[in-house]
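Taking it in order: structure first as structure tokens, then the write-up.
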Amino acid sequence: SGTPWLGCIPIDTTGPVILFAGEGGDGNIVRRIRAIANSRQLHAEDLPIWVCTRAPHLTNLEHQAVLAYHVEQIQPALVILDPFYLAARGANSADLYAMGAVLEAPQHICQSAGAALLVVTHYNRSRDLKGAARLTGAGPAEWGRVLLSAAVISRHSDPETKATTVLLELEVAGGEVPDQTLRIRRTIAADDPDDLDSPLNYHVDMPDDTSDDGGPTMGAGSSLSPAAVKLLEAVNAHDDPATVAQLVDWIAAKHGHGLKRQTCSTNLNTLRIRGLVDYIDQGTGRERLWLKIEPATEAPA
């Protein structure tokens, strides 16, 4: 469509898109595409998007031929292959050379048509690694020209509307673009949360509640309320997760007054939605523990 990627990153090249989606099912994929299009005042049916709800088996010569045929006929600007573990069926994920051979086939097909190729793969279970180092198996990290790694920083569901807001940290590395880390906030809600066929409402943006050094904005130009600023300051002052009572005690010690519980609840939830704090749910009857979210930093070049 030529509209900005993620709502804020300009697009250089427009054109048709082919999406091979091996997960999610027909209805769910169409539902999501319509939601994203509606968020940009577009009609999904008017866009040149071709969807195949199966991932081609890249070790199968017949599947390669079908892929090549459609790329040649449609001449897409982008081909998306999601997920890679289904497309690489039968290949040894631990063998770098074997995985290279699997990835080479769609690469050459797309290059011949001047199309970009986006291959979606999964993270491994290790929490000690970060970014592209967590990509599962051999091959994708070594093959990819630009690596985009997305990790969930926080997740919040509104108890009334059932809208889900997720804060993602997107690491970009490789190719001709500078290495960098971006924060993306995505909110999805259904018109009727009890109806799985109900249209979705979708919104994505980049939180701007950070200062030049990557930390939270708390100066005169901040859009945060005075209470939210104090609560954010209190959360960041605690190395360990803290209860509301502990936060209020810290504020009282520094500012000479506390805050009402309802004020704390409202402003802490605002800070959480904006991706500045998060909480640990200890279960029924126990207080939430509030903790700071480390600011995104630019990855080393």
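The values are calculated or read from the model by the stated rules, or taken from the named source; none is laboratory data. Bear in mind the structure is a predicted one, so any value in this text is a computation, not a measurement. For neighbour counting, all protein chains shown are included, and Cβ atoms are generated from backbone atoms with ideal geometry for every residue, glycine included. For the accessible areas, the whole protein counts, side chains as well, though only heavy atoms, and no ligand, DNA or RNA atoms are used. Shrake-Rupley method; radii C 1.70, N 1.55, O 1.52, S 1.80 Å.
Being in contact with a Phe, Trp or Tyr (Cβ under 8 Å, 6 or more places away or on another chain), in a strand (DSSP E or B) and over 22 Å from GLY7 (Cβ atoms) is a condition met by at least one residue of the range 67-82. On the stretch given as the range 230-240, residues that are part of a helix (DSSP H, G or I) and either of a type in the set (S, T, N, Q) or open to solvent by 30 Å² or more (accessible area, probe 1.4 Å) (or both) total 4. Within the range 83-111, being assigned to a helix (DSSP H, G or I) and among the small types (Gly, Ala, Ser) holds for ALA87, ALA98, GLY100, ALA101, ALA105.
To keep it simple, each residue is scored yes or no on (1) open to solvent by 60 Å² or more (accessible area, probe 1.4 Å); (2) among the aromatic types (Phe, Trp, Tyr); (3) modelled with pLDDT under 90; (4) under 31 Å from the mean Cα position of the chain (by Cα).
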| site | (1), (2), (3), (4) |
| --- | --- |
| ALA252 | no, no, yes, no |
| CYS264 | no, no, no, yes |
| ILE273 | yes, no, yes, yes |
| THR284 | yes, no, yes, yes |
| PRO295 | no, no, yes, yes |
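Tell me yes or no: at least one residue of the range 28-39 is open to solvent by 40 Å² or more (accessible area, probe 1.4 Å), over 21 Å from the mean Cα position of the chain (by Cα) and modelled with pLDDT under 95. No; the residues of the range 28-39 include none that is open to solvent by 40 Å² or more (accessible area, probe 1.4 Å), over 21 Å from the mean Cα position of the chain (by Cα) and modelled with pLDDT under 95. For GLN75, are the conditions met, namely being modelled with pLDDT of 90 or more and out of contact with any helix residue (DSSP H, G or I) (no Cβ under 9 Å at 6 or more places or on another chain)? When the stated conditions are applied, GLN75 passes them. Taking the numbered list (1) within 23 Å of VAL204 (Cβ to Cβ); (2) open to solvent by 80 Å² or more (accessible area, probe 1.4 Å) in turn, LEU81 passes all entries but (2).
For the range 165-188, the candidate set comprises residues that are over 16 Å from the mean Cα position of the chain (by Cα) and either assigned to a strand (DSSP E or B) or of a type outside the set (Gly, Ala, Ser) (or both); within that set, the residue that is surrounded by the fewest Cβ atoms within 10 Å (Cβ to Cβ) is GLU176. Which pairs do you get when a residue that is closer than 19 Å to SER112 by Cα and of a type in the set (Asp, Glu), found in the range 57-86, comes within reach of a residue that is open to solvent by 10 Å² or more (accessible area, probe 1.4 Å) and part of a helix (DSSP H, G or I), reach meaning Cβ atoms under 9 angstrom, with the pair 6+ apart or on two chains? Close Cβ pairs (under 9 Å, with a partner that is open to solvent by 10 Å² or more (accessible area, probe 1.4 Å) and part of a helix (DSSP H, G or I)) amount to GLU72/ILE109; GLU72/SER112. Where the second residue is modelled with pLDDT of 85 or more and in a helix (DSSP H, G or I) and the first is more than 22 Å from LEU182 (Cα to Cα) and open to solvent by 30 Å² or more (accessible area, probe 1.4 Å) and lies in the range 132-152, which pairs have Cβ atoms under 6 Å and are six or more apart or on separate chains? Matching pairs, first to second residue: TRP143/LEU103.
Scanning the range 138-156 for residues that are among the polar types (S, T, N, Q) and modelled with pLDDT of 80 or more gives a single hit, SER149.
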